[in-house]
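Asker: First the structure, then my questions, so here it is.
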């Protein structure tokens, strides 16, 4: 390959690598201008910290799952089931710690089910997760029985409630804590490297002695912690969990990952920042679009256009890297 | 390669132009944004009345969108932008936006509590001063969130008193109140039964919607309906429920039940929600003459022809202007420092009427009002309830005014 | 003789630039009828560039071409084919999801029209005849192409090319993918072309096959034509000298003979029958510090043996035992625990993650070494990777570069680095020098020999007899999943005695 060509390739590749961050900055700049600075007011920053949390927690964990090449469509369902059972536990006991424990246990159990399935059954994983997702929503309906919504205020003894600032603090701690742990696992331990290699070439990864089944279960477990935290935060923030809770989380996470620059088929180009950056872009976009007061139909159109641009840019840099020498 | 670049450019151009279109008016408003905080502090009635409000004597101010001086932004939490009721509300609020200096932001279709709270916080960031909780999944949390941001909250209706009380507590001084329809859903169901009894229907089918899944609203409507049937019996009408159809249209069981009903001898089909899904089966079975339909629904195009042809004979109707439009005077008063309060100094629940429409005359009267751009509750009516414009206005005049609207008063 | 030769194709001052890179530099190249012309050179020397320009795959930057005396400027491959240039390339050229016959007659279905229908029967019969013409029997032309293995698909492709009766046939590194049987088929086709006074251009890495087949051999280096050798002057040493541009040392393979093999057994294979049925009741022992060569025809079970040793394949009966610990090798993890390493024959699909960086690939088998406490620091990774890149002199822009952009030789070095870095005691190498340049090949042999001297055990599975003979202390030949013969290292060992056992 010629020097000039190499430079072009490197530049395009480099652009591809930073595109999500550039996109985030761009979205922030554009909407700050359009909202007359309102986007970056203290109130709205707190706002967005609260809004980003569910998508971000789930998306960060999902990087591990998607990274090995498991396309998981049951993420929203997992949040729903954890939140419903966690909220019920809180109502029965009045303890938010028990609620957290139940959230963790439920999502871990789902992770094990997914892990067993992907390791031992030869059906495309995403098909399994589609089925799992709908099974979960039916299970939730059965569990809730005659009630459609679980209210924390019906608890046997008062469940502590948090004001706006406390909530923001809890959110930021959960998000940064989980992100830090995931960042560490993904970039500074063999776990992340193994995930990338498995996503790139399962056979090669196996031949390098990477324990495929164990790793898959591990990725689901890591992701389950994010799911549990998201469910827990939903419980204490909304104090109201219905059968529609987290209905849009699955798609939000997928959009966030794509916007964040994560190859949806996983592999060596997976990056942990995709979950956080992508969730931030989605949140700023949603918040900004709502704030400038577009009608709801137009919001959806604009969101779609942004999504298409990102995919185009992503495929642009991807092609650049694969152009023949 | 060139094509790709071109498409990216085109797409971004579109995105920007669209964003710019929507952005222009919002940008203009934000110039005034600095005063917002002051206003929301003046929650109690003795707060200093603004200058322009003082000058105006009752009713003299031209209702051309100049009052109040500063645009009042309001967020409306809805769950379905395409529902007839929400569209009717939107139409009414559009009318009021021309008369008063208000601007309403509508949420996207919301399904869960998370989305509801996120929208409310976005409203705060966009400079809204009040939130209309047309839909609520997590009433007390929504009210609390609004209060946290210093926005007034209007809402809290339906049967669940505990929820309303909880919202009152969490929202505190920012709670504006909301209407009640008495035992709204119970009464709605009862009115259906009584209206049908009056028309001499004996064998009735009842669509109970979500009652069998335990959805409170529908459970109460069903209880009300059954009570109405008993009442009719006591009055000498030999009325009985020959079949209960559970669930929603579009499911297999619902379709099966519909087929079964068409094979039965029935006088009327009452639905605790919409009834439009019965039009076709009834007509196809050639029973349009013998079967009467009754619904809790809207005065809208959907029912216009069928009501006039006699197929639909009862609609229990919540008039949007009366039931939801009352949020506007409450908000405008609160924002100008004249929050209407009850004896205990808090926002309050007040009773409005649910209209039971049983004749084409009644239906057409209401329908024509809408159609010709006339309103049951006009901007002028609302101006009378604003303390700034009419110093005599208070909580009692408000309650009396909205409580007085029934189908009879409209007919007059 | 010379004046009887009829010129078919000529390139004059043919030049090709890719940006500032000069792939071909004013090359004059002639192809005569009734001759097999060989082309050789290291990767990137420009040999495929000449033929692809001649066939119309890409335009030249400068120079002229003549075909049958007329100026030749094909703008597409179809035009090239119409003019009479047929090409068999290294990459897969068949279309999945359609039958063998449809592959052969793609675009020419009209010929089998009967009324409004295409006659499958006629097409299949014709296909069968075409396949048998080239000596490929036993395939059902109505079967889907996907039912064939790589080699048979290649043969179908060859049949298709030959069917179009080209005046000049280009065989571009096709033989690498083929077994001896497949190669024979190609050799026969080339010879037949020659007999019919057509021309063949044969590109290969395999010196021996070029020497055997070609009438003249043109050597390219760095886009320049170095020399053209006639039959008498073709010998490996000369060719290598021209290719590399310097005299190759004599010890291309290892030079020692009579080195004593240790009596210590490190690995024991006991009556193994593999899950795929390619190995039948096979037993052997491997000694410490030896290079054990495993050879045979391509379906003899030797590649499966490699996988069996590494715990990659399920066993029906028997066992593989690591002698020192007495542990059975049942999966990759247990093999690696005892210091096994494995380089697959299918480097790109099994041994490497192509889209991952050199660094990620090199560390992918050694997490336990780099991060014994679970924490993987940048410095420990860099140290580990740099060591391998340096000691193997992997040519790359940086360790973060994707492996897919490396040349075949450098890719293979990365795979080696992955296992050498792990400090493996027992290395199983399946076709370690496949598709690798001579220069890199020599380096690999030196490396393997060095590992032997470091008392490591190497099991080298190969389809190339010269390297097995040149490198092994002991050579086991497999046939139909069982050991057919064993040879000790010796200067007198020659290919013929081994081939006798193989077939």
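The values are calculated or read from the model by the stated rules, or taken from the named source; none is laboratory data. Bear in mind the structure is a predicted one, so any value in this text is a computation, not a measurement. Ideal geometry is used to build each Cβ from the backbone, glycine not excepted, and the neighbour counts take in all protein chains shown.
Asker: Evaluate segment A:154-172: report whether one residue or more is more than 14 Å from chain B (Cβ to nearest Cβ), touching a helix residue (DSSP H, G or I) at 6+ places or on another chain (Cβ under 6 Å) and crowded, with 16+ Cβ neighbours inside 10 Å.
Answerer: No - not one qualifying residue is present in segment A:154-172.
Asker: Filter segment C:365-398 down to the residues that are under 27 Å from residue C:436 (Cα atoms), part of a loop (DSSP other than H, G, I, E, B) and either modelled with pLDDT of 90 or more or within 13 Å of chain A (Cβ to nearest Cβ) (or both) and list them by number.
Answerer: Result: C:365, C:366, C:395, C:396, C:397, C:398.
Asker: Confirm whether residue A:282 is away from chain B (no Cβ under 11 Å), more than 17 Å from residue A:182 (Cα to Cα), touching a helix residue (DSSP H, G or I) at 6+ places or on another chain (Cβ under 7 Å) and surrounded by 24 or more Cβ atoms within 10 Å (Cβ to Cβ).
Answerer: Here the answer is yes, as residue A:282 does meet what is asked.
Asker: For residue A:112, which of the numbered conditions (1) at pLDDT 90 or above; (2) touching a helix residue (DSSP H, G or I) at 6+ places or on another chain (Cβ under 6 Å); (3) more than 14 Å from every other protein chain (Cβ to nearest Cβ) fails to hold?
Answerer: Failed condition: (2).
Asker: Among the residues of segment B:262-275, are any in contact with a strand residue (DSSP E or B) (Cβ under 8 Å, 6 or more places away or on another chain) and assigned to a helix (DSSP H, G or I)?
Answerer: no
Asker: Still on this model: Kindly list the number of the only condition in (1) more than 8 Å from chain A (Cβ to nearest Cβ); (2) crowded, with 22+ Cβ neighbours inside 10 Å; (3) not in a helix (DSSP H, G or I) that fails for residue B:120.
Answerer: (3) is the only condition that residue B:120 fails.
Asker: Determine, yes or no, whether residue C:349 is in contact with a helix residue (DSSP H, G or I) (Cβ under 7 Å, 6 or more places away or on another chain), at pLDDT below 90 and surrounded by fewer than 19 Cβ atoms within 10 Å (Cβ to Cβ). Give the steps one after another, and end with the answer.
Answerer: Numbers: in contact with a helix residue (DSSP H, G or I) (Cβ under 7 Å, 6 or more places away or on another chain): yes; at pLDDT below 90: yes; surrounded by fewer than 19 Cβ atoms within 10 Å (Cβ to Cβ): yes.
So residue C:349 passes the test.
Asker: So, one more: Quick check, is residue B:149 away from chain A (no Cβ under 12 Å) and either within 23 Å of residue A:160 (Cα to Cα) or out of contact with any strand residue (DSSP E or B) (no Cβ under 6 Å at 6 or more places or on another chain) (or both)?
Answerer: Working: away from chain A (no Cβ under 12 Å): no; either within 23 Å of residue A:160 (Cα to Cα) or out of contact with any strand residue (DSSP E or B) (no Cβ under 6 Å at 6 or more places or on another chain) (or both): yes.
Criteria not met by residue B:149.
Asker: Restricting segment C:338-352 to residues that are in a strand (DSSP E or B) and more than 7 Å from chain A (Cβ to nearest Cβ), which is farthest from residue C:311 (Cα to Cα)?
Answerer: The extreme case among them is C:343.
Asker: Determine if segment C:89-97 includes at least one residue that is modelled with pLDDT of 85 or more, under 24 Å from residue C:172 (Cβ atoms) and in contact with a helix residue (DSSP H, G or I) (Cβ under 6 Å, 6 or more places away or on another chain).
Answerer: The answer is no, given that none of the residues of segment C:89-97 is modelled with pLDDT of 85 or more, under 24 Å from residue C:172 (Cβ atoms) and in contact with a helix residue (DSSP H, G or I) (Cβ under 6 Å, 6 or more places away or on another chain).
Asker: Another one. Any idea which of B:337, B:347, B:297, B:325 is modelled with pLDDT under 85, crowded, with 21+ Cβ neighbours inside 10 Å and in the same structural domain as residue B:71 (by TED's automatic domain parsing)?
Answerer: B:347
Asker: With the structure loaded, tell me whether residue C:101 is assigned by TED's automatic domain parsing to the domain that holds residue C:202, over 22 Å from residue C:189 (Cα atoms) and crowded, with 18+ Cβ neighbours inside 10 Å or whether it fails that test.
Answerer: no
Asker: Can you tell me which residue is farthest from residue B:407 (Cα to Cα) among those in segment B:195-223 that are in a loop (DSSP other than H, G, I, E, B) and at the interface with another protein chain (Cβ under 10 Å from one of its Cβ atoms)?
Answerer: Result: B:214.
Asker: Only one of these is over 26 Å from residue B:223 (Cα atoms) and in a loop (DSSP other than H, G, I, E, B): B:343, B:334, B:365. Name it.
Answerer: B:343 is the lone residue from the list that is over 26 Å from residue B:223 (Cα atoms) and in a loop (DSSP other than H, G, I, E, B).
Table: residues versus (1) under 20 Å from the mean Cα position of the chain (by Cα); (2) in contact (Cβ under 8 Å) with a residue 40 or more places away in the chain.
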| residue | (1), (2) |
| --- | --- |
| C:94 | yes, yes |
| C:103 | no, yes |
| C:115 | no, no |
| C:138 | no, no |
| C:153 | yes, yes |
| C:180 | yes, yes |
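Asker: Would you check which residues across segment B:107-117 are touching a strand residue (DSSP E or B) at 6+ places or on another chain (Cβ under 9 Å) and part of a loop (DSSP other than H, G, I, E, B) and list them?
Answerer: Residues satisfying the conditions are B:107, B:111, B:112.
So that you can scan it fast, the table gives a plain yes or no per residue for (1) within 9 Å of chain A (Cβ to nearest Cβ); (2) exposed (fewer than 14 other Cβ atoms within 10 Å of the Cβ); (3) in contact with a strand residue (DSSP E or B) (Cβ under 6 Å, 6 or more places away or on another chain):
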position: C:325; (1), (2), (3): no, yes, no
position: C:330; (1), (2), (3): no, yes, no
position: C:354; (1), (2), (3): yes, no, no
position: C:407; (1), (2), (3): no, no, no
position: C:410; (1), (2), (3): no, no, no
position: C:417; (1), (2), (3): no, no, no
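Asker: Looking for something more than 14 Å from chain B (Cβ to nearest Cβ), at pLDDT 90 or above and out of contact with any helix residue (DSSP H, G or I) (no Cβ under 9 Å at 6 or more places or on another chain) - is there at least one such residue anywhere in segment A:94-105?
Answerer: yes
Asker: Where residues in segment A:309-325 are more than 20 Å from residue A:28 (Cβ to Cβ) and facing chain B (nearest Cβ under 7 Å), which of them is modelled with the highest pLDDT?
Answerer: Result: A:312.
Asker: Continuing with this model, one more query. Give the residues of segment A:199-216 that are more than 9 Å from chain C (Cβ to nearest Cβ), more than 18 Å from the chain's Cα centre (by Cα) and in contact (Cβ under 8 Å) with a residue 24 or more places away in the chain, sorted by residue number. Spell out the reasoning first.
Answerer: Step one: of segment A:199-216, the residues more than 9 Å from chain C (Cβ to nearest Cβ) are A:202, A:212-216.
With the extra rule that they be more than 18 Å from the chain's Cα centre (by Cα), the set shrinks to A:202, A:212-215.
If the condition is that a residue be more than 9 Å from chain C (Cβ to nearest Cβ), more than 18 Å from the chain's Cα centre (by Cα) and in contact (Cβ under 8 Å) with a residue 24 or more places away in the chain, then A:202, A:212, A:213, A:215 are the ones that fit.
Asker: Okay, next question. Out of the residues in segment C:383-396 meeting the condition of being without any contact (Cβ under 8 Å) to a residue 40 or more places away in the chain and either exposed (fewer than 13 other Cβ atoms within 10 Å of the Cβ) or in contact with a strand residue (DSSP E or B) (Cβ under 8 Å, 6 or more places away or on another chain) (or both), tell me which one is farthest from residue C:414 (Cα to Cα).
Answerer: C:383
Asker: In segment B:95-111, what residues are more than 22 Å from residue A:248 (Cα to Cα) and within 12 Å of another protein chain (Cβ to nearest Cβ)?
Answerer: If the condition is that a residue be more than 22 Å from residue A:248 (Cα to Cα) and within 12 Å of another protein chain (Cβ to nearest Cβ), then B:103, B:104 are the ones that fit.
Asker: Right, here's the next one. Which residues, counting only those in segment A:252-262, are surrounded by fewer than 24 Cβ atoms within 10 Å (Cβ to Cβ) and touching a residue at least 24 places away in the same chain (Cβ under 8 Å)? Steps first, answer last, please.
Answerer: So the first thing to find is which residues in segment A:252-262 are surrounded by fewer than 24 Cβ atoms within 10 Å (Cβ to Cβ), and the list is A:252, A:254-255, A:258.
Once the filter is applied, which keeps residues that are surrounded by fewer than 24 Cβ atoms within 10 Å (Cβ to Cβ) and touching a residue at least 24 places away in the same chain (Cβ under 8 Å), segment A:252-262 yields A:252, A:255, A:258.
Asker: Tell me, please, whether a residue that is within 14 Å of chain A (Cβ to nearest Cβ) and either crowded, with 17+ Cβ neighbours inside 10 Å or outside any strand (DSSP E or B) (or both) can be found in segment C:267-279.
Answerer: Checking segment C:267-279: not a single residue is within 14 Å of chain A (Cβ to nearest Cβ) and either crowded, with 17+ Cβ neighbours inside 10 Å or outside any strand (DSSP E or B) (or both).
Asker: Still on this model: Would it be correct to say that residue B:196 is at pLDDT below 85 and more than 21 Å from residue A:237 (Cβ to Cβ)?
Answerer: Considered against the rule, which asks whether it is at pLDDT below 85 and more than 21 Å from residue A:237 (Cβ to Cβ), residue B:196 comes out as no.
Asker: Could you figure out which of (1) at pLDDT 85 or above; (2) in contact with a strand residue (DSSP E or B) (Cβ under 6 Å, 6 or more places away or on another chain) isn't true of residue C:242?
Answerer: Exception for residue C:242: condition (1).
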